[in-house]
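Everything below concerns the one structure shown next.
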Amino acid sequence: MKPADKKAYDKDYAQAKKTGKPFFPYAIYKDTVIAGLTVIAIIVLAITIRVEVGEPVNPATTDFIPRPEWYFYFAFELLKIFANQNVLTPVIMATFMVPNILIILLVVWPFIDRGPERRIWKRPFALGLTVIVTGMLCYLTWLGANSPAGVAKGALPVSGLDEQATKGMAVYMANGCGSCHMVAGVGAPGPGPDLTNEGAKGWDNAKMIAWLKAPKAPMPSYASLPPQELEDLSTFLNGLGTKYK
């Protein structure tokens with residue numbers, strides 16, 4: 001610390017200590033009042049805003065799209081931002097890398113910013129970083145709250161479908177494929193890969209049908225589907241990103 005800065009800090013500290021108020025009873029009184037108001041507010045909200053009871057849980061459903069609580073919406077959106085064909089990448093980036101980078105920054109910040117000043121308006125860099133991080137978390141939370149909930153009820157936002165591909169899309173939706181996959185931004189960001197450009201693999205229908213009948217875990221087998229539905233679904237999947245966009 002520079003001698004001039006230390007002298008100015010000591011002067012400000014002495015003045016603040018001289019004109020300030022003792023911790024007891026002033027600070028304790030304020031903390032007690034705020035804590036009491038917070039408890040009262042929670043009680044009032046619990047009484048006036050009751051939690052609705054939804055439909056009974058159906059463990060056999062195939063079209064339910066799980067959604068996180070609101071305070072995890074930012075991580076939910078990060079999973080979508082980093083989503084790609086490798087299912088591990090979004091999980092690692094969104095749930096480990098990014099949060100831990102922020103935590104490490106929080107831990108080491110006192111060792112980086114060693115200035116004596118504590119008035120926030122005299123710490124523009126710290127203030128700016130706080131505003132940016134908080135703003136990004138709020139923005140990601142907003143994106144997560146307003147992102148598509150999952151499988152479209154009417155149709156996926158894919159154009160250029162012929163008659164067979166339209167039937168294949170209906171098979172895709174009827175069997176809850178959107179609970180694990182995403183097409184054109186609609187569906188779940190995992191655990192299955194994004195199928196928006198599935199047609200770029202260049203598979204034919206025979207290869208796709210063989211995969212649908214005996215896929216790798218955790219994807220379930222669709223061998224029980226009628227042959228025509230398998231053919232329609234394969235046509236739809238093999239055209240995504242090429243014929244159908």
query = With a ≥ b ≥ c the root eigenvalues of the C-alpha gyration tensor of segment 163-239, is it rounded (a/c under 1.5), prolate (a/b larger than b/c) or oblate?
reply = rounded
message = For a Förster distance of 30 Å, can you work out the FRET efficiency between the beta-carbons of Ile28 and Ile49, rounded to the nearest 0.05?
response = 0.45
query = Pairs Lys201/Lys245; Lys207/Lys245; Lys80/Lys207: which exceed 24 Å Cα-Cα?
reply = Lys80/Lys207
remark   = Computed, not fitted: 222 nm per-residue ellipticity of the chain from DSSP H runs ≥ 4 (each -39500 (n - 2.57)), nearest 500, equal to -16000 deg cm²/dmol
ask   = Expressed as a rounded percentage, what relative contact order does segment 163-239 have, with Cα pairs under 8 Å and six or more residues apart?
value = 41
remark   = Relative to the chain, whose Cα atoms define the longest principal axis, helix 227-239 and its Cα axis are tilted in degrees, nearest 10, by 50
query = Given that just one value was derived from the coordinates, which of (i) -0.51; (ii) -0.67; (iii) -0.80 is log10 I(q)/I(0) by the Debye sum over Cα atoms at q = 0.11 Å⁻¹?
reply = (iii)
query = How high is the relative contact order of segment 90-228, given as a whole-number percent (alpha carbon pairs under 8 Å, six or more residues apart)?
reply = 13
ask   = What order do you get for Glu55, Glu231, Glu117, Glu163 when you list them from fewest to most C-beta neighbours inside 10 Å?
value = Glu55, Glu163, Glu117, Glu231
key: Neighbourhood charge, 15 Å Cβ-Cβ cut-off, centred on Ala27 and excluding it, Lys, Arg +1 and Asp, Glu -1   = +2
ask   = Under a point-charge model restricted to the Cβ atoms of Lys and Arg (+1) and Asp and Glu (-1), what is the dipole moment magnitude of the chain relative to its Cα centre, in debye to the nearest 20?
value = 1700
inquiry  = Give the lysines whose C-alpha is closer than 30 Å to that of Lys17, dropping any in the same chain fewer than 8 places away, or say none.
reply    = Lys2, Lys6, Lys7, Lys30, Lys122
key: Kirkwood Rh in Å, taken over all unlike Cα pairs in segment 7-47   = 12.7
query = In debye, nearest 20: dipole of segment 1-44 around its Cα centre with unit charges on the Cβ of K, R (+) and D, E (-)?
reply = 280
note = Nearest 10, in degrees from 0 to 90: the angle of helix 124-145 to the longest Cα principal axis of the chain is 30
inquiry  = Angle check, please: helix 163-174 long axis (alpha carbons) against the longest principal axis of the chain (alpha carbons), in degrees 0 to 90, nearest 10.
reply    = 50
remark   = Phi-derived 3J(HN,Hα) across segment 182-193 with the Karplus relation (6.51, -1.76, 1.60, θ = phi - 60°), rounded Hz, x for Gly and Pro, is 10, 10, 6, x, 10, x, 9, x, x, x, x, x
note = Once normalised by the length of the chain, the mean sequence separation of its alpha carbon contacts under 8 Å that are 6 or more apart gives a contact order in percent of 20
Extension reserve of the Lys207-Leu137 stretch, reckoned as 0.36 nm per residue once the Cα distance is removed = 20.9 nm
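Read-outs: derived from the displayed coordinates by stated rules, not from any lab. Note that this is a predicted model, so its numbers are computed, not measured. Note: ideal-geometry Cβ built from the backbone for every residue, glycine included; neighbour counts use all protein chains shown.
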